[in-house]
């Protein structure tokens, strides 16, 4: 299997480095093309993958093509490659936000195997959460290829396309909110006299460990909260303050705002 990436940006680089590091694929099975030749050369030097000279060159050698380009460039690129893809029908995997399977099929043809994939930033450390949405033309073996590829970078789930906006908010945008939470915890410690770097270390490990504990447990998050919060204790005081300031409601509102904005960008 040869996989080619159209686009050699941060996400393409993270995926390529991740699957090589995980031993899922070798550098000889991977290649990329980018109009930014300096960016492409850097990625090829870092990973030893093939640097293709054009999209056409890539399409001639790859049976799986990952579209790792910005959404606003998608129409231009797909119009260029459409004649070749319609002749060869490689599996096309798109990681572009807001570009539906219907839009991709409109550019490439209704008989084109397509899979829409939504990874999050955490694929960089093989702890990603990725949604996989195939069209009806994609064969089971091709869906398995996508699941295996992104499964090497964390967890995956097959999803209906109508749920992509909610997934994007809950898994795609939320790392930014978690980083904000960690920074706020460290700043709270700083106010109380804890040096900022020590606060960051403590908060980062606490969030990491909490997520790991929840993932390994059959308990509901509320039950784990009860294990930390003793009646009348310090944790309860903090939880009460979070409730008073609308912490839970703010997170729910952030998810809704993200979904609403994705809808605006898609129109």
request  = Quick one: work out the % antiparallel among DSSP beta bridges in the chain, nearest 5.
outcome  = 15 percent
key: Nearest-0.05 FRET efficiency for residue 127 and residue 38, computed from C-beta distance (R0 25 Å)   = 0.25
request  = Take the Cα of residue 261, step 7 Å along the line toward its Cβ, and report every residue of segment 170-184 whose backbone nitrogen sits under 16 Å from that point.
outcome  = 170-181
key: Separation of the residue 176 and residue 21 label points, Cα + 7 Å toward Cβ, nm   = 2.3 nm
key: Antiparallel DSSP beta bridges within segment 3-159, percent to nearest 5   = 15 percent
remark   = Tilt, helix 10-21 to longest principal axis of the chain (alpha-carbon atoms), in degrees rounded to tens, equals 90 degrees
query = Looking at segment 3-159 from every direction and averaging, what is the projected area of its Cα convex hull in nm²?
reply = 7.9 nm²
Segment 178-195 and segment 85-119: distance between their alpha carbon centers, rounded to Å = 43 Å
key: Ranking of 252, 77 by count of other Cβ atoms within 10 Å, fewest first   = 252, 77
request  = Rank the residues 148, 111 as a footprinting-exposure proxy: fewest other Cβ atoms within 10 Å of their Cβ go first.
outcome  = 111, 148
task = Could you line up 116, 245 from fewest to most neighbouring Cβ atoms inside 10 Å?
result = 245, 116
ask   = When DSSP assigns beta bridges and you keep just the ones with both residues in segment 98-200, what percent turn out antiparallel, to the nearest 5?
value = 45 percent
request  = Name the shape class, rounded, prolate or oblate, that the alpha-carbon gyration tensor gives for segment 167-266, where a ≥ b ≥ c are the square roots of its eigenvalues, rounded holds for a/c under 1.5, and otherwise prolate holds if a/b is larger than b/c and oblate otherwise.
outcome  = prolate
request  = Note the full-extension length gain between residue 187 and residue 252 as 0.36 nm times their separation in residues minus their Cα-Cα distance, in nm to one decimal.
outcome  = 21.1 nm
inquiry  = Counting only helical runs of four or more DSSP H residues, what would the 222 nm mean residue ellipticity of the chain come to if each run contributes -39,500 (n - 2.57) and the total is spread over all its residues?
reply    = -17000 deg cm²/dmol
message = Nearest 10 degrees is fine. How inclined is helix 196-216 to the longest principal axis of the chain, computing both from alpha carbons?
response = 70 degrees
Label point distance in nm, residue 217-residue 166, each placed 7 Å from Cα along Cα→Cβ = 2.4 nm
remark   = By the C-alpha gyration tensor axes a ≥ b ≥ c (rounded if a/c is under 1.5, else prolate when a/b exceeds b/c, else oblate), the shape of segment 117-228 is prolate
request  = For the chain, report the translational diffusion coefficient in µm²/s to the nearest whole number, using Stokes-Einstein at 20 °C, 1.002 mPa s, and a Kirkwood Rh over Cα pairs.
outcome  = 104 µm²/s
Shape parameters for segment 112-169, alpha-carbon atoms, Rg then Dmax in Å = 11.0, 32
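FYI, it's all coordinate maths here, none of it is from the lab. Please read all numbers here as calculations on a predicted model, not as lab measurements. Reconstructed Cβ throughout: ideal geometry from the backbone, glycine too, with neighbour counts over all protein chains shown.
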